[in-house]
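The values are calculated or read from the model by the stated rules, or taken from the named source; none is laboratory data. These figures come from a predicted structure and were not determined experimentally. Note: ideal-geometry Cβ built from the backbone for every residue, glycine included; neighbour counts use all protein chains shown.
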Amino acid sequence: MKNSNKLISVLVPVASVLLAFAIGCAVMAGLGANPLVALQSLWTGAFGNLRNVGTTLARATPLIFTGLCACFAYRCGVFNLGGEGQFIIGSVACCYMATQTGIEGFPAIVLCLLAGILAGGIWALIPGLLKVYRGQNEMIISIMLNYVATLFMGVVYTNWLREGSVPQTMSVPDTTKLSRIFGLRATTAFIIAIVVGLLIYYFLFYTSKGFQLRAVGLNMTAAEFNGFSVKRYILFSFVVSGAIAGLGGSAELLGTQYRLINGFAAGYGFDGVAMALIAQLHPLATILVAIFFAALRVGSTTMQAATGVPTSVSDIIQALVIVFTVAGLAMVKLSQFKAAIDRIFARKETVAS
Amino acid sequence: MSWDFISNLLLASVRMATPLIFLSLAELYSQRAGLVHIGLEGLAAIGSLVGFLVSLITGSPMLGVLAGALAGILVNMIFAYATISLCAEQIVYGMAINIFAPALAAFIYRVYFGAGSTLVQVTLMNNLSTTLGITSDNFLLKLLLDQTPMVYLAYALVIFTAIYFNKTKSGLNYKAVGEYPKAAATLGINVIGVKYIACIICGALAGMGGAFLTTCYSNTYVDGNVAGRGFIALAAVIFGRWSGGGVLLACLFFGFCDALQIRLQVGSFGVPYQFFQMIPYIATVVVLALIGMKKAGPKGAGKPYLREDR
């Protein structure tokens, strides 16, 4: 039974991906492109050579952070849809630290990342506090704060830290930039992201606090009766999840973007939620899904050049993956479906014995 | 502050409240049947794109709105099937719709206009005063007549909703589905049927709310033009205590914030305009924070309904 559950939780997303690609191919064919050529150029664009792999990993890095951000909070039963805002506020704090304080080199990198962590955590504290003490809907509040954060970043790059006539901030000094891995587009930010993912995995599944946090997420009332401080865990999960996003924001600024500009981080928050859901809140699976999403995006540019199919077809494929995965996971939980699966496995076991 | 400023502000408030009224009513009908729908932002996005395209092709904004409603229904049927028949978690699926529908809208736009397209504009829906040929500077006349038919429709829907949920048997049955579906089912109400109908109404209203943005407010479509209204509408339903009249007042308040933001931007006062743009969002957070814990929503909202459960 246990094994069948595990198998299903992998099979459903895989089937969803295949189904989404099938529909994507049908759409491409409908647009007059050869789906096989399109898929091939998609693959070459994303993984064709080492340089492209580097670009894919670089694109995946911010998504890993927002994915882990959504994943961590939802493990505690709260829906943090504010990953984007926390990411942005983190990058704004980081940008200020990197360009205005005059510090440079390795200590600057550490301080900048810390500034991002702190800012992201504090930004996430707002919906956390309102949830815990005012009983308010954390989803609406965290989304509203996304808009506020984006507009605030706008003030920063059009006014306060603007450089020259173009609405953008000055660039991070060269010594504060994160170094690239083997000269590829991917930087140490990617390694930081992987480490954060591993840490979260360890915390959630191998520590008692992590167990309690998951218990709160599964059943708040039961956790309360067990004497776990539900409020404290909710606040904690919000702050940590915001801190992860904030770290992501500063790592993205120091590693890839170097300056704040219009459109920075747009859509990363909801992407993160989508990835966490497809990965069924597993931190390591979230990383894989993030790389898959990034590959679709990077590859779609090559695909557009080769076949003329607009890059937004990759957004459709992504969206279909989430639509199918969530529906599929719900379907396998239905009692009729469960009974059918149990029958299949029972038959196999009797054959085996 | 001149009278001109204030009267323009009030007129704009009514205009800006209209899409919110459609979206909030969509949420209200959904939640009253026990379905919490956080995907309105997505439904409005597809409604706004389809409304734009159809009014561009046919030249009729009315048809645009109709098509927007239809698109909203179609996309919402995915939500309906997943949450009602497959019992998927409503919040999670609403989020999926929020990701899927805007992506679909953006894709259709790219495909239809090609990559390097110029800005395409449509003619907006006429105000009643233009149709009637009445021009006046009187504030009250402007308030009553300088509005698109969509505004009157929104108010008519609010009145209908208030009467329907409180005074009709069918409305009470509908509410029962959201409060306690099992009891409703024992009384012979078709719970699943009501939930599906709720999704049709919700999709249509949300699609119309989105279409309003491209047929009555701004004459072009841009990605992200719904700008959080789908979520503000959620807040408006909570603020309005799940009643037609309450929701209307909440929407007028948020509409006022939106109008104020636009008016202040024009004045500028040396403050970066983004701070004014924050007003509707911050107002939403503040309002929610002030309402506090009081729970008044349908008790069955958010929970899946499994017929076999005993």
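Laid out as a table, the results:
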read-out	value
Count - residues of the stretch A:242-290 that are within 14 Å of another protein chain (Cβ to nearest Cβ) and surrounded by fewer than 21 Cβ atoms within 10 Å (Cβ to Cβ)	6
Sole residue being in contact with a Lys or Arg (Cβ under 6 Å, 6 or more places away or on another chain) and either surrounded by 19 or more Cβ atoms within 10 Å (Cβ to Cβ) or not in a loop (DSSP other than H, G, I, E, B) (or both), chosen from A:VAL110, A:VAL132, A:VAL156, A:VAL195	A:VAL132
The one condition in (1) closer than 26 Å to B:GLY228 by Cα; (2) over 18 Å from the mean Cα position of the chain (by Cα) that B:VAL158 fails to fulfil	(2)
Restricting the stretch A:299-311 to residues that are buried (at least 24 other Cβ atoms within 10 Å of the Cβ) and either in contact with a Pro (Cβ under 8 Å, 6 or more places away or on another chain) or among the aliphatic types (A, V, I, L, M) (or both), the residue that is nearest to B:ASN98 (Cα to Cα)	A:VAL309
Hits in the stretch A:202-244 (condition: within 30 Å of A:PHE190 (Cβ to Cβ) and not in a helix (DSSP H, G or I))	A:THR207
Filtered residue count, the stretch B:1-50, keeping only those that are in a helix (DSSP H, G or I), among the aliphatic types (A, V, I, L, M) and surrounded by fewer than 24 Cβ atoms within 10 Å (Cβ to Cβ)	7
Residue in the stretch B:68-93 that is nearest to the other protein chains (Cβ to nearest Cβ), counting only those that are within 25 Å of B:LEU53 (Cβ to Cβ) and small (Gly, Ala, Ser)	B:ALA80
Test: B:ILE78 is assigned to a helix (DSSP H, G or I), touching a residue at least 40 places away in the same chain (Cβ under 8 Å), more than 23 Å from B:SER218 (Cβ to Cβ) and of a type outside the set (S, T, N, Q)	no
Residue within the stretch A:91-104 that is within 13 Å of chain B (Cβ to nearest Cβ) and within 20 Å of the chain's Cα centre (by Cα) present	yes
Lone unmet requirement of (1) aliphatic (A, V, I, L, M); (2) modelled with pLDDT under 90; (3) touching an Asp or Glu at 6+ places or on another chain (Cβ under 9 Å) for B:ILE262	(3)
Selected residue (criterion: modelled with the highest pLDDT) from residues of the stretch B:273-310 that are assigned to a loop (DSSP other than H, G, I, E, B) and at the interface with chain A (Cβ under 7 Å from one of its Cβ atoms)	B:MET278
Test result for A:PHE293, of a type outside the set (Val, Ile, Thr), under 10 Å from the mean Cα position of the chain (by Cα), within 14 Å of chain B (Cβ to nearest Cβ) and within 21 Å of A:VAL27 (Cα to Cα)	yes
Of residues in the stretch A:118-155 being within 7 Å of chain B (Cβ to nearest Cβ) and of a type in the set (Val, Ile, Thr), the one farthest from the chain's Cα centre (by Cα)	A:VAL155
Selection from the stretch B:96-114 of residues that are of a type in the set (Phe, Trp, Tyr) and at the interface with chain A (Cβ under 8 Å from one of its Cβ atoms)	B:PHE100, B:PHE107
Looking only at the stretch A:1-37, and only at residues there that are within 14 Å of another protein chain (Cβ to nearest Cβ) and exposed (fewer than 12 other Cβ atoms within 10 Å of the Cβ), the one that is modelled with the highest pLDDT	A:ALA26
Test for B:SER55: is it within 26 Å of B:PHE253 (Cβ to Cβ), of a type in the set (Ser, Thr, Tyr) and in contact (Cβ under 8 Å) with a residue 24 or more places away in the chain	no
The stretch A:18-44: number of residues that are β-branched (Val, Ile, Thr) and under 17 Å from B:LEU104 (Cα atoms)	2
